[in-house]
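Report on the structure given below.
Bear in mind that the values in this text are calculations on the coordinates, not laboratory data. Values in this document were obtained by computation on a predicted structure and should not be read as measured data. Cβ sites come from the backbone with ideal geometry, for glycine too, and all protein chains shown count toward neighbours.
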Amino acid sequence: MRVKGGFTNRRRHKKVLKRASGSYSANSRCYTHAVEKNDRALAYAYRHRRMKKREFRALWNQRINAAARLNGTTYSRLLGGLAKVGIQLNRKVLADMAVVDAPAFTALCKHAIA
C-alpha cells in the first residue's frame, strides 16, 4: 500500500517555511526556494560563528595598538614588555582597559616600557 506522507510532509514544510520567514519574495513562501535559503543561512551561521572570534581579536589588537601609540610605544613592544615583566593579561582585557580605564592602561605601558 502506498503512503503519501501528508502529515509528515506538511509538518516538515511548515518547519522550513517558518525558519525562512523574513526572506525576500518566494524565498519565504515557496518550499523549494526556502530549503535552499535555509541551507545557505545555516552554512553562513556556522562559518560566521568562527569568523566572529577572529574579527573580535583583530579589533582588540587595533584598540591596544592605538592606545599604546598614545603612550609612546607600539603594540608589539607593549606585549613583549608585558611578557618580560610577567604580566599576563589577555587582549580582550587589555582592549577594554584601553577604552574604559585609560590611566590604568598608561600605568601598564610605563611598567612594560621600563
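Label sites at Arg77 and Ala114, each approximated as a point 7 angstrom past Cα along Cα to Cβ, lie 1.6 nm apart.
Taking each residue as 0.36 nm, the span from Arg10 to Leu70 lengthens on full extension beyond its C-alpha to C-alpha distance by 15.4 nm.
Spacing of the modelled spin labels on Ala41 and Arg54, each 7 Å from Cα toward Cβ, amounts to 2.4 nm. Only Cα pairs under 8 Å and 6+ residues apart enter the sum, and on that basis the relative contact order of the stretch 6-113 stands at 20 percent.
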